[in-house]
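**Q** One structure coming up, written as structure tokens, with questions to follow.
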Amino acid sequence: MSTAYNIKDIPDLKISLEKEEKLAKKCDLDNDHKLQYSNPYRRNCKRIKKLINLIELTDKVEDYKDYNSGLVLVNDKFVVALLDNNWRNVYNNKWYKHKHDIEHFVNNYVYKERSA
């Protein structure tokens, strides 16, 4: 079952973001002596920030396929990767890149039909 997100979920997501940021800092400190290490908490921070931005800018955001896939469905048409700058149309398998500014993606692709 996919989870739909709305504006009411943002405070809970911000609390989760704070927890993940604390864990990411702790992971950085614990692994300071290593040249390379993985920080899954930092990746979760990026995912949550992008999800919050998408919820604020679009009408409908929900999980795509399953909860832990890292993909969300925006306005029942666009599949967006939360960690990378990738997106695709639901009906196509070709992935595209968007700019780091998620607002640019929303204005130029998600709401392109409204402005035209």
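The values are calculated or read from the model by the stated rules, or taken from the named source; none is laboratory data. Please read all numbers here as calculations on a predicted model, not as lab measurements. Here Cβ is always computed from backbone atoms with ideal geometry, including for glycine, and neighbour counts include all displayed protein chains. Side chains are part of the model used for accessible areas, which takes the heavy atoms of the whole protein and leaves out ligands, DNA and RNA. Shrake-Rupley method; radii C 1.70, N 1.55, O 1.52, S 1.80 Å.
**Q** Give the angle, between 0 and 90 degrees and rounded to the nearest 10, that separates the Cα long axis of helix 40-57 from the longest principal axis of the Cα atoms of the chain.
**A** 30
**Q** Please count, across the stretch 8-47, the pairs of lysine residues with Cα atoms under 17 Å apart that sit 8 or more places apart or on different chains.
**A** Value for the stretch 8-47: 9.
**Q** Let me ask another. Treating cross-link reach as a plain straight distance, find the aspartates and glutamates whose alpha-carbon is under 19 Å from the alpha-carbon of LYS99, omitting any fewer than eight places away in the same chain.
**A** Qualifying aspartates and glutamates at Cα under 19 Å: GLU56, ASP84.
**Q** Roughly to the nearest percent, how much of the accessible area of the stretch 1-97 is carbon and sulfur, given a 1.4 Å probe?
**A** 50
**Q** Could you work out how far helix 10-30 tilts from the main Cα principal axis of the chain, as a 0 to 90 degree angle to the nearest 10?
**A** 40
**Q** Could you work out which residue, out of ASP30, ASP101, ASP66, moves most in a Gaussian network model of the chain, that is, has the largest mean-square fluctuation with Cα springs under 10 Å?
**A** Its mean-square fluctuation being the largest, the pick is ASP30.
**Q** Related question: Kindly state, to the nearest 0.05, the FRET efficiency for LYS14 paired with TYR96, given R0 = 30 Å and r defined as their beta-carbon distance.
**A** Here the calculated transfer efficiency is 0.55.
**Q** Please enumerate, by chain and number, the lysines with C-alpha under 17 Å from the C-alpha of LYS65, excluding those fewer than 8 residues away in the same chain.
**A** Excluding near neighbours in sequence, the set is LYS77.
**Q** Remind me, relative contact order of the stretch 48-106 in percent, using alpha carbon pairs under 8 angstrom and six or more residues apart?
**A** It rounds to 24 percent for the stretch 48-106.
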